[in-house]
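Working notes, beginning with the structure itself.
The values are calculated or read from the model by the stated rules, or taken from the named source; none is laboratory data. All values reported here derive from a predicted model rather than from experimental measurement. So basically every Cβ, Gly included, is an ideal-geometry build from the backbone, and we count neighbours across all protein chains shown. What goes into the accessible areas is simple: the full protein's heavy atoms, side chains included, and nothing from ligands, DNA or RNA. Shrake-Rupley method; radii C 1.70, N 1.55, O 1.52, S 1.80 Å.
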Amino acid sequence: MAKKIVKRVVAPRRGKEPDLEKGAVDKIKQVHLEDAADREYYEYGVAVIEDRAIFGSLDGLKPVLRRVLWATHKLGLHSGAKPDKSAKAVGETLGNYHPHGDKACYDAIVNAVSNVPIPMVYGEGNWGTMTENAAAMRYTNMRLSKYADLIFFDKFYLPTMSYVPNYDGSRQEPLVLPALLPNALLNGNFGIAPGVNTRSPTFTLESVLAVLKEAIANKNVCTPEMCMKLEFSTPHGGKAVRTKANRAEFLNFFKTGKGRVKFVSTHSAPDSNNSIRFDEFAPIANMEGAMLKIEELKGVIATRDDSDKKDKHQTAFVVTFAKNLRGADLTRVIGQVNEALSTTYTFDVKVTDRFVKKDGTAGAKLRPTTVPELINFWLAYRVELEKHACQYWIKERTKDIAYLQLMRLAISKLDVIIAHVKNKNLDDAGLVKAVSRDLKITDEQTNQILARNLRQLRHLEDEKLIEQIKNIEKEKASYEVRLKRPSAYIAKHLDELQAKIK
């Protein structure tokens with residue numbers, strides 16, 4: 001079938017309307033409708049991937065959540081702060097970083113509180129359960145979790161990150177947050193954009209740290225075989241079904257980034273009432289539907305929500321069977337209940353690599369990957385992050401030492417400085433030249449001295465300055481050690497993070 005031909009007016013410059021009566025018809029060109037639609041739909045899809053849908057390879061965050069966390073950080077709502085209204089964080093995010101609707105921002109916060117294995121936001125109030133939605137943002141309070149503060153907002157690394165203009169150029173936002181753990185594998189998520197569907201697995205903190213340390217010992221190289229030690233995790237405690245029979249399937253998943261994994265809910269043994277209690281659940285999309293299906297099973301006489309009413313994060317259900325249901329018959333019906341409370345995920349690991357474009361704005365490129373590749377990518381990044389941060393702080397501490405040495409010189413030559421200051425024949429420029437000459441320092445150094453008033457200089461004590469210099473030199477030396485052996489420090493830091501997160 002021949003492609004349809006349509007006439008298209010080339011868009012005029014902004015602020016001018018097309019004027020077909022004044023020769024604008026010369027700007028009309030014929031294009032194939034399908035070609036134009038394909039191109040523009042693709043461009044839209046890329047924009048969605050970049051701006052909203054797929055999480056980043058380094059920090060494991062979608063743009064909306066990255067901006068929410070950054071806005072919350074800028075508000076001072078750290079893990080040690082008193083929680084504040086969620087609406088406040090949403091407003092800060094909307095106004096300054098992500099003008100795409102308050103629902104998107106609040107949904108990201110809700111997910112970060114209750115729908116990830118390791119919460120990135122600490123919440124107070126009703127944040128929903130597997131069967132209930134969270135309360136409106138005006139009713140809930142929030143702040144950053146301890147995990148988020150430790151992993152994304154360490155002050156040693158934040159100054160060294162790349163920053164890009166926000167949507168209107170009025171302020172800066174981080175291209176990615178400094179990820180001191182591979183959050184993509186701890187709080188992985190699914191993402192959907194036009195023509196793209198991705199789902200990434202999540203693993204327990206303990207197993208990820210163990211594999212990371214093994215990879216560091218293997219010269220920062222992780223293999224699919226190492227990843228077989230990773231333990232899958234879910235937001236509500238469901239377990240992945242792993243047996244000797246399906247070992248090859250899991251290994252193939254780690255090699256290719258694609259595979260199917262079944263998750264099951266866990267329950268207690270039948271009690272005296274012939275009841276079992278579920279308190280760990282597979283990631284089921286429709287819990288109410290699953291419970292209705294269970295109630296219709298022959299042999300099931302009742303189901304009960306046994307969740308803790310004081311703890312909205314704790315979900316539990318009790319299923320009671322007929323008293324005469326025993327042995328193999330009971331086992332069969334329990335198997336049917338288990339099947340209703342299980343789910344199978346098709347994993348297809350894709351991420352976006354974020355970068356700074358030539359014009360200084362943020363860009364992103366989608367790519368398929370695997371779990372070992374993500375670990376290797378993060379390890380290489382983490383080493384470079386450590387080097388970059390150490391180099392930054394070595395320079396800063398060198399400046400601090402130079403400044404304190406300058407203050408020591410100023411104290412020793414205070415009489416000379418005072419004499420020049422009292423000389424009314426010297427203007428500002430002459431004063432700087434005179435002090436620079438007598439102290440044999442640069443004009444810039446002289447200005448640093450003169451920026452402090454004489455009373456402050458008089459109160460400086462040389463012994464205290466010497467002590468400060470020694471402390472800073474010791475700190476600088478520790479950074480130099482880390483710079484020489486970044487992998488050794490990172491392995492040690494992983495243990496420290498594990499202890500702090502717990």
Using a Förster distance of 30 Å, the FRET efficiency for K219-E496 (Cβ separation, nearest 0.05)
0.85
Tally Lys/Arg at +1 and Asp/Glu at -1 over every other residue whose Cβ is under 13 Å from the Cβ of C222; what's the total?
+2
Sequence ranges 57-70, 474-487, ranked by mean other-Cβ count within 10 angstrom, highest first:
57-70, 474-487
Could you tell me, in Å, what Rg and Dmax come out for the Cα atoms of region 386-490?
17.6, 60
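Of all accessible surface on region 325-387 at a 1.4 Å probe, what whole percent is carbon and sulfur?
On the way: 1600 of 2890 Å².
Answer for region 325-387 is 55 percent, counting heavy atoms of protein chains only.
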DSSP beta bridges in region 184-305, what fraction antiparallel, as a percent rounded to 5?
90 percent
Label point at K464 placed 7 Å out along Cα→Cβ; residues across region 393-423 whose backbone nitrogen lies under 18 Å:
401, 403-414
Accessible area (Å², per residue) of region 288-347, counting only protein heavy atoms and a probe of 1.4 Å
59 Å²
Obtain the nm distance between the two label points defined at V241 and K365 by a simple spin-label model: each point lies 7 Å from its Cα along the Cα-to-C-beta direction.
4.0 nm
How much of D400 can a 1.4 Å solvent probe reach, expressed as accessible area in Å² and rounded to 10?
50 Å²
Once the Cα gyration tensor of region 178-305 is diagonalised, what are the square roots of 5 times its eigenvalues, in whole Å and ordered largest first, as equivalent ellipsoid semi-axes?
34, 18, 14
D308 and Q456 label points (each 7 Å along its Cα→Cβ direction) are spaced in nm at 5.3 nm
Angle between the chain longest axis and helix 33-48 axis [Cα atoms, degrees, rounded to 10]:
70 degrees
In whole Hz and in residue order, list the ³J(HN,Hα) couplings for region 227-239 that follow from phi through the Karplus curve 6.51 cos²θ - 1.76 cosθ + 1.60, θ = phi - 60°; x for Gly and Pro.
5, 4, 7, 6, 9, 5, 10, 9, x, 10, x, x, 10
Provide the percentage of antiparallel DSSP beta bridges, counting only those with both residues in the chain; round to the nearest 5.
95 percent
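Stretched out fully, how many nm does the piece from K255 to R408 gain, at 0.36 nm a residue minus the Cα gap? Working shown, then result.
On the way: separation 153, 0.36 × 153 = 55.08 nm, distance 6.12 nm.
Full-extension gain reported as 49.0 nm.
Compute the orientation-averaged projected area for the chain from the convex hull of its Cα atoms and round it to one decimal in nm². If you can, show how the numbers build up before the last one.
Working: hull surface 156.1 nm².
Averaging across all directions leaves 39.0 nm² for the Cα convex hull.
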For a bin width of 5 Å, list the pair-distance distribution of region 90-193 built from all Cα-Cα distances, rounded to whole %.
2, 11, 17, 21, 23, 17, 6, 2, 0
Calculate I(q)/I(0) for region 252-362 by the Debye formula, one identical point scatterer on each C-alpha and no solvent, and give its log10 at q = 0.19, 0.23 Å⁻¹ to two decimals.
-0.98, -1.24
Phi-based couplings in Hz for region 417-422 (Karplus 6.51, -1.76, 1.60; Gly and Pro marked x):
4, 4, 4, 5, 4, 7
Residue-span extension gain [V421 to A248] - 0.36 nm each, minus C-alpha spacing
54.1 nm
Enter the Cα centre distance for the pair region 430-502 and region 222-252, rounded to the nearest angstrom.
49 Å
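Using only alpha-carbon positions, what ratio does the radius of gyration of region 64-138 give when scaled by 2.2 N^0.38 Å? Numbers along the way, then the final one.
Values: Rg = 11.5 Å, N = 75, 2.2 N^0.38 = 11.3 Å.
For region 64-138, the normalised Cα radius of gyration is 1.01.
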